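Asker: I have a structure I would like to understand better, so I am pasting it below and will then ask my questions one at a time.
The values are calculated or read from the model by the stated rules, or taken from the named source; none is laboratory data. Keep in mind it's a predicted model, so treat the numbers as computed, not measured. Note that each Cβ is placed from the backbone with ideal geometry, even for glycine, and that neighbours are counted across all protein chains shown.
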Amino acid sequence: MEIEQVVFSHFQYIEKVAAFLEGSGPEPEIENVEDCMMTKWLKESPNPKMEEPHARFHQVLEEAVEKKKQGQDAEARALLDQAYTLYSQLEHALFE
């Protein structure tokens, strides 16, 4: 499994959530962190600096979708911003 593919899949996921929050895309399928390609990769190549931000990334995006569905757009957008920060942390931890 190529880690570049794993990282890119997370970028695609966050972009799907962003499109939904902006009203320009369908509701994304919530990806369970345990079924995620990065979780599988981390089991093969443990990286403690990535584990917590990765789990939080999935949690924050799930919360953002729920907030949007409840009509709490500002809260959903704030959570999306957190997800982008977590994504950056994952990239940084991966390539340091």
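Asker: Which residue, of 44, 27, 51, is acidic (Asp, Glu) and over 22 Å from residue 92 (Cα atoms)?
Answerer: Testing whether each residue is acidic (Asp, Glu) and over 22 Å from residue 92 (Cα atoms) leaves just 27.
Asker: For the stretch 56-82, which residues satisfy the criterion of being closer than 19 Å to residue 16 by Cβ and hydrophobic (A, V, I, L, M, F, W, C)?
Answerer: 57, 60, 61, 64, 65, 76, 78, 79, 80
Asker: For the stretch 1-52, give me each residue that is of a type in the set (D, E, K, R), modelled with pLDDT under 90 and under 25 Å from residue 67 (Cβ atoms).
Answerer: Of everything in the stretch 1-52, just one residue is of a type in the set (D, E, K, R), modelled with pLDDT under 90 and under 25 Å from residue 67 (Cβ atoms), namely 31.
Asker: For the stretch 82-96, how many residues are over 15 Å from residue 11 (Cβ atoms) and modelled with pLDDT of 90 or more?
Answerer: Summing the residues that are over 15 Å from residue 11 (Cβ atoms) and modelled with pLDDT of 90 or more in the stretch 82-96 gives 1.
Asker: Can you work out which of the residues in the stretch 1-35 that are in contact (Cβ under 8 Å) with a residue 24 or more places away in the chain and acidic (Asp, Glu) is surrounded by the fewest Cβ atoms within 10 Å (Cβ to Cβ)?
Answerer: Among residues in the stretch 1-35 that are in contact (Cβ under 8 Å) with a residue 24 or more places away in the chain and acidic (Asp, Glu), the one surrounded by the fewest Cβ atoms within 10 Å (Cβ to Cβ) is 27.
Asker: I would also like to ask the following. If residue 38 satisfies every condition in (1) within 10 Å of the chain's Cα centre (by Cα); (2) crowded, with 17+ Cβ neighbours inside 10 Å but one, which is the exception?
Answerer: Every condition holds for residue 38 apart from (1).
Asker: Next question, about the same structure. Tell me, which residue of the stretch 73-96 that is among the small types (Gly, Ala, Ser) and surrounded by fewer than 17 Cβ atoms within 10 Å (Cβ to Cβ) is farthest from residue 61 (Cα to Cα)?
Answerer: This residue is 93.
Asker: Next question, about the same structure. Quick one: residue 68 ticks every box in (1) surrounded by fewer than 18 Cβ atoms within 10 Å (Cβ to Cβ); (2) of a type in the set (D, E, K, R); (3) part of a helix (DSSP H, G or I); (4) in contact with a Phe, Trp or Tyr (Cβ under 7 Å, 6 or more places away or on another chain) except a single one, so which number is it?
Answerer: Condition (1) is where residue 68 drops out.
Asker: Filter the stretch 7-31 for residues that are over 12 Å from the mean Cα position of the chain (by Cα), over 12 Å from residue 61 (Cβ atoms) and in a helix (DSSP H, G or I) and give the result.
Answerer: Answer for the stretch 7-31, where residues must be over 12 Å from the mean Cα position of the chain (by Cα), over 12 Å from residue 61 (Cβ atoms) and in a helix (DSSP H, G or I): 19, 22.
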